[in-house]
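The values are calculated or read from the model by the stated rules, or taken from the named source; none is laboratory data. Small disclaimer: the values here were computed from a predicted structure and weren't measured. Glycine also receives a Cβ, built like all others from the backbone with ideal geometry; neighbour counts cover every protein chain displayed. The area values use the complete protein model at the heavy-atom level, side chains included, leaving out ligands, DNA and RNA. Shrake-Rupley method; radii C 1.70, N 1.55, O 1.52, S 1.80 Å.
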Amino acid sequence: LWFMTSLLVQGQQIGNYVSNGSFEKIDNILPAGNSNCAAYWQPIDSLKYCYRLWSTSPSFPSPPAPNISTGFQYPRSGSNLILSEFYCNAPTCVPYLSRGYPRNRLKQVLKPNVKYCAKYHVVNTNNSVLGIDSYGAYFGDTTLDTITQCTLPLVYLTPQIESQAGIVITDTLNWVAITGTFVASGIEKYMVLGNFKSNAATNTLVINPTFFPTLAHDLYIDDVSLIEIDLPAYAGPDKPCIP
């Protein structure tokens with residue numbers, strides 16, 4: 001009985017709680033009017049738009065990712081990545097894109113009092129005017145659905161994971177990991193990536209003045225993960241096989 005129960009529990013283990021963390025799965029259905037969307041990735045207001053994929057796949061119109069308006073970058077792994085914007089402070093900023101907060105519905109609600117490690121990778125677009133130091137990951141419940149101003153700075157949310165203040169990421173070639181650990185309360189159903197500081201509290205550095213006076217930070221995101229720190233190693237049931 002113990003042996004069967006042990007196998008059952010091990011079979012239910014989740015390696016990465018993030019759905020489609022490398023953006024390889026495509027969703028061409030939601031929301032209406034969008035195409036080439038990353039499955040399971042939407043903004044907080046899921047009816048507004050989706051996070052479009054940039055891809056090295058020949059089936060996409062502009063490989064390798066993405067296009068002339070943002071620059072050139074290969075995905076960190078696989079064929080796909082997404083584009084977002086974590087900062088914009090100028091009259092030319094587009095209101096509905098001034099802050100991007102990619103949201104992912106986790107595969108399972110997190111376990112209370114369990115320690116998790118979260119990680120995602122970022123790189124500046126070639127055409128991003130600014131580099132910033134403010135990258136976070138927030139884990140919350142369905143109260144996220146009450147947010148109505150979804151593209152303004154969400155300074156009232158306290159991210160469980162946040163990059164070190166004062167360390168501005170300026171690289172447009174190499175991927176940088178944003179990572180950290182936290183203990184879950186047991187209500188966390190969603191993961192939200194973004195800059196949770198005000199514009200005034202975000203440290204910036206000019207990396208490409210070509211598009212002045214727009215003061216914006218555009219970035220690519222790839223390889224998002226959330227794992228239990230103490231997840232036991234499991235390679236499947238112990239049984240004989242033919243080499």
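Structure values in brief
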{"item": "Odd one out for Asn89 among (1) modelled with pLDDT of 90 or more; (2) open to solvent by 40 Å² or more (accessible area, probe 1.4 Å); (3) under 18 Å from Gly131 (Cβ atoms); (4) not hydrophobic (A, V, I, L, M, F, W, C)", "result": "(1)"}
{"item": "Failed item in (1) crowded, with 17+ Cβ neighbours inside 10 Å; (2) more than 19 Å from the chain's Cα centre (by Cα), with Pro213 passing the rest", "result": "(1)"}
{"item": "Residues (at pLDDT 65 or above, among the small types (Gly, Ala, Ser) and assigned to a loop (DSSP other than H, G, I, E, B)) located in segment 28-83", "result": "Ala39, Ser46, Ser57, Ser69, Gly71, Ser77, Gly78, Ser79"}
{"item": "Among residues of segment 137-168, those that are within 24 Å of Thr179 (Cβ to Cβ), over 16 Å from the mean Cα position of the chain (by Cα) and acidic (Asp, Glu), counted", "result": "1"}
{"item": "Pair list, Cβ < 6 Å and 6+ apart or interchain, from segment 9-33 residues that are more than 23 Å from Lys115 (Cβ to Cβ) to residues that are in a loop (DSSP other than H, G, I, E, B) and modelled with pLDDT of 75 or more", "result": "Asn20/Ala39; Asn20/Tyr40; Ser22/Ser77; Ser22/Gly78; Glu24/Gly78; Lys25/Ala39; Asp27/Ala39"}
{"item": "Residue count, segment 190-210 (criterion: modelled with pLDDT of 95 or more, open to solvent by 50 Å² or more (accessible area, probe 1.4 Å) and not hydrophobic (A, V, I, L, M, F, W, C))", "result": "2"}
{"item": "Options Ile161, Ile178; residue that is under 23 Å from Lys115 (Cβ atoms) and touching a Gly at 6+ places or on another chain (Cβ under 7 Å)", "result": "Ile161"}
